[in-house]
Every structure is written in C-alpha cells, then in structure tokens.
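The values are calculated or read from the model by the stated rules, or taken from the named source; none is laboratory data. Computed from a prediction, not measured in an experiment: that's the story for all the values here. All Cβ positions, even for glycine, are placed from backbone atoms using ideal geometry, and neighbour counts span all protein chains on display. Just so you know, the surface numbers come from the protein's heavy atoms only, side chains and all, with ligands and any DNA or RNA stripped out. Shrake-Rupley method; radii C 1.70, N 1.55, O 1.52, S 1.80 Å.
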Amino acid sequence: MIPFNKPYLSGNEIKYIEDAVNSGKISGNGIYTKKCHSLFQQRYHFKKCLLTNSCTDALEMAAILCDINEGDEVIVPSYTFVSSANAFVLRGAKIIFADSRNDHPGIDEYKLGSLITSKTKIIVPVHYAGIACDMDVIMDLATRHGLFIVEDAAHAIDSYYNGQPLGSIGHLSTFSFHETKNIISGEGGMLVINDHRFEQRSEIIWEKGTNRSQFFRGEVDKYGWVDIGSSFLPSEITAAFLNAQLESIDEIQNRRRRIWNIYYEELKELENKGILKLPYIPDYATNNAHMFYIICNNGETRNNLIDHLKRNNILAVFHYLSLHKSPFYANRYPEIELPMADHYADCLLRLPLFYELKHEEVLYISNTIKDYFKC
Ligand SMILES: *Cc1c(COP(=O)(O)O)cnc(C)c1O
C-alpha cells in the first residue's frame, strides 16, 4: 500500500536529541529552542518566534493576546481544521464562518467585507495547501476596521505572497510541525509575533503567566504570576528534532516540489478535458508543495475514485468537513449556506505526497487516476 503520508527524517534528528538529553537541559526554551527561533527569524524575517507544542497552542495564544472576550466575533473560513475556530471559541468568541473561493479552497477575500460588524476583532486567513490568501485585500480590511489578522500558516512554511514570507504579514501567525506537514517535530508548532505590541505579553503567556523569560535575561530579580497563560512551550527534545529538520529545509522543499510537478504534468490532460480540476496558484502566490489535491466534478466521483485507488493499493484521502455543518456548530447556531466550502468538502481529494515517494510511484498513482476516468 502506498501511504498518504510518511514522516521523513533528514538525518540529524536522533543525534541532536541525544545532544539535548546529554546537555542536562531538556525542559523548554534552551539552546535548541533558541536555535530554531533564530533560524526562522533570519530566513523569513519574522519579528519574534515562540515554539509551541502545536499550531493549536499558537492559535490559543493568539486568542489570549488579542484579548478575545465573550461575544467578540472572529471570522474564520469554514473549510479549515477545527483549531482555526476552536482556539477562539475557548475564549468566548462567536465564530463567523466565511466561504471559500471558487478557484481555490482558501477564504474568499472579497466576501469578507459583508461579514464585518462592530464586534469583529480578528480575521483568520488560512493559507490552504500553502497557497497564499490575497493578503493585501485582507490587511486593508484590517486597517480600515481596526482588526487583527492571525494568519493560520499551518500549511504554509516556506511559501510567499508577492515576495513576502507567509507568516510575516499578519499581526500574529501560527505554524504547525505536526508529522503531516512539510517540516515536522511529531507534534509541534510556533507563534510568530509581527506586531511589537504583543512581544512582551507573548512571552508571559508562553511561560504559564509568569515573567520567567525576563527573569532569565536578568531584567527582573524574581519571577512570579503576572498574567494568564499556560504550558505552551515544547521541550528541548522536540526543538532538537525540529532543528535537524530546519537544516534540511531546502532539500525537503525541493523534493516535495519535484513530486508536485510530476503530478501536475501527468494530470494536466484530465483538467484540459474538464474531468477534474488541479490546484490553482495565483500570480501573487508561490507553491510550497505542502499538498497535491485534485477536485472532482462531484462527490460521488470523488468517493468512487478513493475506492478505486484503494483497490490499487493507494491511500488518497479527502480533507476538511465544513465546520459550519459540524455537530458542535450546527447544534448551537442557525443554519448557514457556504456552497464553496461544501463543494471542497465533497469533491477534493489529496494524493500521497512525502519526501520518500518514488518517481515511479507518482507515475503509478497518476496512471491509476487516468485509468479510472477512462472507464
Ligand atoms: C494541522 C493544522 C492545524 C493544527 O495543527 P496542530 O499542530 O496539529 O495543532 C491548524 N490549522 C490548520 C489549517 C492545519 O492544517
């Protein structure tokens, strides 16, 4: 069976973990954490980085930093992972779901204006498949209405919008290093703080509501409880693993892009015949090859294709179920219609894409899809 995903080890993960363990400092915010922070800051010009245990953690930190209170509204695409919304619900927010574009599963920037009210506090653009949302449009809304933008960049490492790294544009941004993403640490994530107003408080929230970071830098002579917070920082074992991955980021990205391009070339004829759609990448966006997806013309075709691929030992998987139709939301709020989100929930299919996927396997998967549509 060709799996959908296989975590890739770039070589130094175990060595760095051993080094972290031998150093006698394995709790968080040690040498490897700091190395990861500075690698990200240098490569992507992020102002301040804080590793977390997950992207979910980073989103929860963002909700605290933006001072979300009962009744504040947060605009989130319906076609996304649960955490993009749940992190704000935990602080009492009301989620306002936005639909996806018709050429791409990302949030429809031009439908956001009508969702903004006097209670809106945050928009959460999700760079689906690592393809940038149109950030000029979104940042302009933020300026005009006094909103915060929290980029959910879980898919978007090493991808750009008009030359700007994704994650460097919003007031805050969140990344995931879950084993299904491009750069991994098992579980893991990061909060990026681009607005300096959040810098000091972000460290306190990260350190369980204490000013321990200031204490370690010698800025205060004792540390104590100064704000709310939680246990958001990962151990040095996680950071050591991540550091090894980051050293190989170009190699990982190049390999993933090569696989992505073979799929694209192989399947283009099906798109030309109107049998399915391939990913659309706007001029302002780059492709970080986080995902290769196809969009079938209807749900039945998509589901039958999944079965056909399975019979041929290929594991391809659908993606998000629309959050506006989730039991959690539907049981509490009136029904809303977001046809594009439902379209992607029904028709989108993700193909295997991982570092060690072989050239012949990509061809085999592509041919199996072509065979299916010949029948
Ligand atoms: C994976 C993912 C998350 C959650 O990441 P974790 O690190 O597993 O918490 C959040 N948002 C999106 C869009 C994701 O794909």
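What's the carbon and sulfur percent of the stretch 13-247's accessible surface, probe 1.4 angstrom, rounded to a whole number?
51
At residue 265 and residue 281, where each label point lies 7 Å from the Cα along Cα→Cβ, what is the point-to-point distance in nanometres?
1.4
Given an 8 Å cut-off on Cα distances and at least 6 residues of separation, report the relative contact order of the stretch 1-100 as a percent.
With pairs under 8 Å counted, the relative contact order is 19 percent.
Along its three principal axes, how long is the chain when you only count alpha carbons? Whole Å, largest extent first please.
74, 52, 37
With all protein chains present and a 1.4 Å probe, how do 38, 114, 366 order by accessible area, largest first?
114, 38, 366
What residues qualify as long-range amide H neighbours of residue 314, i.e. H under 5 Å apart, gap of 5 or more or another chain, H built at 1.01 Å from N?
Amide H neighbours of residue 314: 2.
I'd like the orientation of helix 55-65 relative to the chain: the angle between its Cα long axis and the longest Cα principal axis, in ° from 0 to 90, rounded to 10.
Around 50 degrees separate the two axes.
Calculate how steeply helix 299-311 sits against the longest principal axis of the alpha-carbon atoms of the chain, using the helix alpha-carbon long axis, and give the answer as 0 to 90 degrees to the nearest 10.
With rounding to tens, the tilt is 90 degrees.
If I build a Gaussian network model for the chain, linking alpha-carbon pairs within less than 10 angstrom, which residue out of 232, 216, 88 has the largest mean-square fluctuation?
Checking each option, the largest mean-square fluctuation is seen for 216.
Where Lys and Arg each count +1 and Asp and Glu each count -1, what net charge lies around residue 119 among other residues with Cβ under 10 Å from its Cβ?
Counting the neighbours of residue 119, the net charge comes to 0.
Over 30 Å between C-alpha atoms is what I'm after, so list which of 6/34; 48/181; 15/358; 48/119; 47/119; 6/47 land there.
6/47
Looking at the chain as a GNM with Cα springs under 10 Å, which of 91, 258, 332 has the largest mean-square fluctuation?
332
Could you rank the peptides 275-281, 189-195, 218-224, 317-323 by their average count of other C-beta atoms within 10 Å per residue, with the highest value first?
Top to bottom by mean Cβ count within 10 Å: 189-195, 317-323, 275-281, 218-224.
Taking the 0 to 90 degree range and rounding to the nearest ten, how far is the long axis of helix 13-22 tilted relative to the main principal axis of the chain, both from C-alpha atoms?
So the helix axis and the longest Cα principal axis differ by about 20 degrees.
Give the distance, in whole Å, between the Cα centre of the stretch 190-253 and the Cα centre of the stretch 24-58.
6
Expressed as a whole percentage, what fraction of the accessible surface of the stretch 249-374 belongs to carbon and sulfur atoms when a 1.4 Å probe is rolled over the protein heavy atoms?
Roughly 48 percent, rounded to a whole number.
Under a straight-distance cross-link criterion of Cα-Cα below 20 Å, which lysines are reachable from residue 374, leaving out those fewer than 8 residues away in the same chain?
The reachable lysines, counting only those whose Cα sits under 20 Å from residue 374, are 268, 273, 277, 310.
For 135, 1, give me the order by solvent-accessible area with a 1.4 Å probe, most accessible first, ignoring ligands, DNA and RNA.
1, 135
Calculate one ³J(HN,Hα) per residue across the stretch 144-158 by plugging θ = phi - 60° into the Karplus curve 6.51 cos²θ - 1.76 cosθ + 1.60, and present them in order as whole Hz with x for glycine and proline.
Working through the residues one at a time gives 5, 10, x, 10, 9, 10, 10, 6, 8, 9, 3, 8, 10, 4, 6 Hz.
Counting each DSSP H run of 4 or more residues in the chain as -39500 (n - 2.57), what helix-only mean residue ellipticity at 222 nm follows after dividing by all residues, to the nearest 500 deg cm²/dmol?
-11500 deg cm²/dmol
What whole-number value in Å² describes the accessible area per residue of the stretch 13-247 for a 1.4 Å probe?
It amounts to 39 Å² per residue over the stretch 13-247.
Could the peptides 48-58, 115-125 be put in order, highest first, of the mean number of other beta-carbon atoms found within 10 Å of their residues?
Highest-to-lowest ranking by the protection proxy: 48-58, 115-125.
For the stretch 249-374, what does the accessible surface come to per residue with a 1.4 Å probe? Please give it in Å².
Details: 6250 Å² over 126 residues.
Averaged over the residues of the stretch 249-374, the accessible area is 50 Å².
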